[in-house]
Every structure is written in C-alpha cells, then in structure tokens.
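See below for the structure under consideration.
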Amino acid sequence: MNIYFDCDYTILAMDGSLRPGSEEVFGKLVQGGDHIYIWSGVGLRTLDMERLRLTKYISGIFVKPLKDFKQELHHLGIEPWPDFVVDDHRDIVETFGGIHIEPYYFRSSEDGQMENLYQAILEYSRNGTCCHRGFKPTPL
C-alpha cells in the first residue's frame with residue numbers, strides 16, 4: 001500500500017520530537033512491502049525527516065493539500081495515489097480512507113498510538129477493514 005503520514009501532531013510533536021514507535025512502525029511497514037509517504041500542510045518536511053533519520057523508510061515527501069484534497073493531488077504533483085492516510089485531521093482521512101489518529105502535541109516517552117496503528121494497518125491490509133476507532137473506509 002501507499003501510506004501517507006501527516007507530520008505535525010501526527011508523527012511530530014510541537015517541539016519537533018518524533019512520536020514514540022514511529023520509526024519502528026515505518027520499518028515494519030516497509031519491510032512488509034508498503035511504501036511510506038510524508039506530507040505536511042506547512043510545506044516540504046525533508047529536513048525534519050533527515051534530522052530524524054527517517055529518509056531510509058520514505059518513498060516521497062510532499063506538500064499536503066489543505067482543501068479540495070483529490071483535485072489538489074494533481075495540482076501539487078502528488079503521486080502515487082494514497083491507499084491509506086494517517087492524520088490527526090479527520091477530513092482528509094474521510095476523503096481517502098485510513099486512520100484518524102489522536103494528536104501528538106507534546107513529547108512523551110510512550111503514547112501507545114503507533115503500535116495500535118500498525119496493528120490496524122495489518123488488519124486493514126488483510127481484511128479491507130479494521131476495528132481501530134479512528135478508521136475511516138475508502139469512500140466509494
């Protein structure tokens with residue numbers, strides 16, 4: 001799958017720290033054959049991904065559309081199409097399908113979200129659905 005992760009408050013806290021478990025989940029997803037893409041509504045986050053040593057897992061980094069999500073993909077040159085989105089904003093998840101995740105505002109030693117997310121992605125890839133409370137199916 002092509003899995004698109006938002007940055008701010010999804011995998012990054014306000015201070016730029018990485019959400020606990022993110023690197024491990026990225027590694028497991030890539031090892032399982034998935035492709036990780038990063039996007040952000042505040043611009044390209046290449047420097048953050050380099051600083052956090054995550055680029056080895058990432059297939060692409062984009063500016064995330066903030067409105068008219070599907071139409072803006074083409075305008076912003078975002079390829080491939082998202083199969084699954086992980087974001088703290090519900091509206092983009094409802095547009096493409098994926099997981100609306102609890103925001104990660106402050107550095108924490110463990111918030112438990114990433115392992116739950118990984119299990120939900122595995123369940124979705126096997127069954128086409130999952131029981132994660134933030135799951136939104138791909139609209140028809």
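The values are calculated or read from the model by the stated rules, or taken from the named source; none is laboratory data. Worth saying up front: this structure is predicted, and the values here are computed from it rather than measured. Here the Cβ positions follow ideal geometry from the backbone for every residue, glycine too, while neighbour counts run over all protein chains shown. All accessible areas refer to the heavy atoms of the entire protein, side chains included, with ligands and DNA or RNA removed. Shrake-Rupley method; radii C 1.70, N 1.55, O 1.52, S 1.80 Å.
Some notes on this structure:
- The number of residues in segment 108-121 being surrounded by 15 or more Cβ atoms within 10 Å (Cβ to Cβ) and over 15 Å from Glu23 (Cβ atoms) comes to 3.
- All of Phe84, Phe106, Phe69 fail the test of being hydrophobic (A, V, I, L, M, F, W, C) and over 16 Å from Ile11 (Cβ atoms), apart from Phe69.
- Meets criteria (aromatic (Phe, Trp, Tyr), under 20 Å from Glu24 (Cβ atoms), touching a strand residue (DSSP E or B) at 6+ places or on another chain (Cβ under 7 Å) and not in a helix (DSSP H, G or I)) for Tyr104: no
- Screening segment 79-101 for residues that are part of a helix (DSSP H, G or I) and among the β-branched types (Val, Ile, Thr) and picking the one that is surrounded by the fewest Cβ atoms within 10 Å (Cβ to Cβ) gives Thr95.
- Candidate set: segment 15-40, residues that are of a type in the set (Phe, Trp, Tyr) and assigned to a strand (DSSP E or B); chosen: the one nearest to Leu117 (Cα to Cα): Tyr37
- Inter-residue pairs, beta-carbon under 7 Å, first under 15 Å from Ile11 (Cα atoms) and in segment 26-47, second part of a helix (DSSP H, G or I) and open to solvent by 50 Å² or more (accessible area, probe 1.4 Å), 6+ apart: Ile36/Val30
- Pick from segment 49-78, criterion farther than 21 Å from Thr95 by Cβ and surrounded by fewer than 19 Cβ atoms within 10 Å (Cβ to Cβ), ranking: nearest to the chain's Cα centre (by Cα): Ile58
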